[in-house]
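In what follows, a structure is listed as structure tokens, so that the remarks can point back to it.
Coordinate-derived values only; no laboratory data. The structure displayed is predicted, hence computed values, not measured ones. As a convention, Cβ positions derive from the backbone with ideal geometry for all residues, glycine included, and neighbour counts pool all protein chains shown.
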Amino acid sequence: MRKIIQITHTSLDGYTAWKNGELDRFENAGEHLSFVNKLLLSADSILFGRITYEMFESYWPAIENNPLSSEFEKCYSHWYNKATKLVLSNTLNELKGNNTILVKSDIVSTIEENKNKTGKNILLFGSPSVGQLLLQSNLIDEYWIFVNPVIFGTGIPMFAPSNDLKRLKLIGAKTISNGEVALHYEVKR
């Protein structure tokens, strides 16, 4: 069975984005993208909500052929362009991009079906509401949480309030040059 691995940035106080979804408050580091590119080797699919999909789709497809892009960006773009994209949205009617599947209903059963297909892992980038839904449905297997050295004070939280206790096992950690700490967790079953 394939794993669903959520990869997300958070502020030190647990927010994945600023109040209106802005991500520009996180400081970029080239080393971060190099590290994420290594994570891509274990996956062939991306899962995300509409907002994250639209952000990715407006940026990543063309980077591969842009001569001003870094090798890390070109590598990421190349993987993105080949990956199967599962987009969860009630508001989109059509999608652009290659290998893109719109999931409008039966979200949990559709994701379960995709987990059971042959292939590599499925990465969930950002998309906190999708992550929260999949966590409640016990579909998240692992997390890569990039804790950034910034305190937002407000924003979009990674986790929603819940009465369900979820235990995680730390698999590894890495410090990145801009002060991010990448924490790799497995969800205990």
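Among the listed pairs Lys19/Lys120; Lys19/Lys166; Lys74/Lys166, those whose Cα-Cα separation exceeds 31 Å are Lys19/Lys120; Lys74/Lys166.
Note on Lys104: lysines with a C-alpha under 21 Å away, same-chain residues under 8 apart excluded, are Lys85, Lys96, Lys115, Lys117. With an 8 Å Cα cut-off and a minimum separation of 6 or more residues, compute the relative contact order for the chain in percent. Contact order relative to length: 36 percent.
Note on the chain: the C-alpha convex hull projects to 10.8 nm² when averaged across all orientations. Pop a pseudo-label 7 angstrom from the Cα along the beta-carbon direction at both Arg189 and Arg25 and give the gap in nm to one decimal. The modelled label-to-label distance comes out at 3.6 nm. Highest GNM mean-square fluctuation among Ile145, Ile46, Ile171, for the chain modelled with Cα contacts below 10 Å: Ile171. Sparsely packed loop sites in segment 137-189 (the GluC sites (Glu not before Pro) outside DSSP H, G, I, E and B with at most 14 other Cβ atoms within 10 Å) do not occur.
GNM remark for the chain: springs join alpha carbons under 10 Å apart, and the peak mean-square fluctuation among Glu71, Glu94, Glu57 falls on Glu94. Each label was represented as a point 7 Å from its Cα along the Cα-to-Cβ direction; for Leu102 and Gln136 these points are 2.4 nm apart. Extending 7 Å from the Cα toward the beta-carbon at both Thr154 and Leu95 defines two label points whose distance is 3.3 nm.
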